[in-house]
Amino acid sequence: TLYAGIKWKSYNDRNREVTKLNKLLQDYAKKNFIDYIDLNKKMSTKNILNANITVDGIHLNAEGYKMWAIEIEKILRKYNF
């Protein structure tokens, strides 16, 4: 789950919840041998979605989706898709 950007109302509260949710998802994925993609590592700075990849602080723009696609392609190549 992506963090919100500063344009998003109450982004700090939302991002604290995103951190908790992502930890649960990451633990679940590890326990069940599921690949987990942490998009926030590339798309966020200090737990805030980077402004250059969002149109409104929460929805990605074309550049954001391009970054997402690159990360998905890495997993697909891992499994020869």
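The values are calculated or read from the model by the stated rules, or taken from the named source; none is laboratory data. Everything numeric here is computed off the predicted structure, so don't read it as measured data. For accessibility, only protein heavy atoms count, side chains too; no ligands or nucleic acids. Shrake-Rupley method; radii C 1.70, N 1.55, O 1.52, S 1.80 Å.
Here is the link list: Lys41/Lys78; Lys7/Lys41; Lys7/Lys74; Lys20/Lys66; Lys9/Lys30. Which ones come out longer than 28 Å on Cα distance? Correct reply: Lys7/Lys74; Lys9/Lys30. Debye-formula intensities of the chain, expressed as log10 I(q)/I(0) at q = 0.11, 0.14 Å⁻¹, are -0.32, -0.50 (one equal scatterer per alpha-carbon, no solvent). Summarising the amide proton neighbourhood of Thr54: residues at separation of 5 or more, or on other chains, whose placed amide H is nearer than 5 Å comprise Asn61.
Probing with 1.4 Å while keeping every protein chain in the model, the per residue accessible area of the chain equals 75 Å². Relative to the longest principal axis of the Cα atoms of the chain, the long axis of helix 11-31 lies at roughly 10 degrees.
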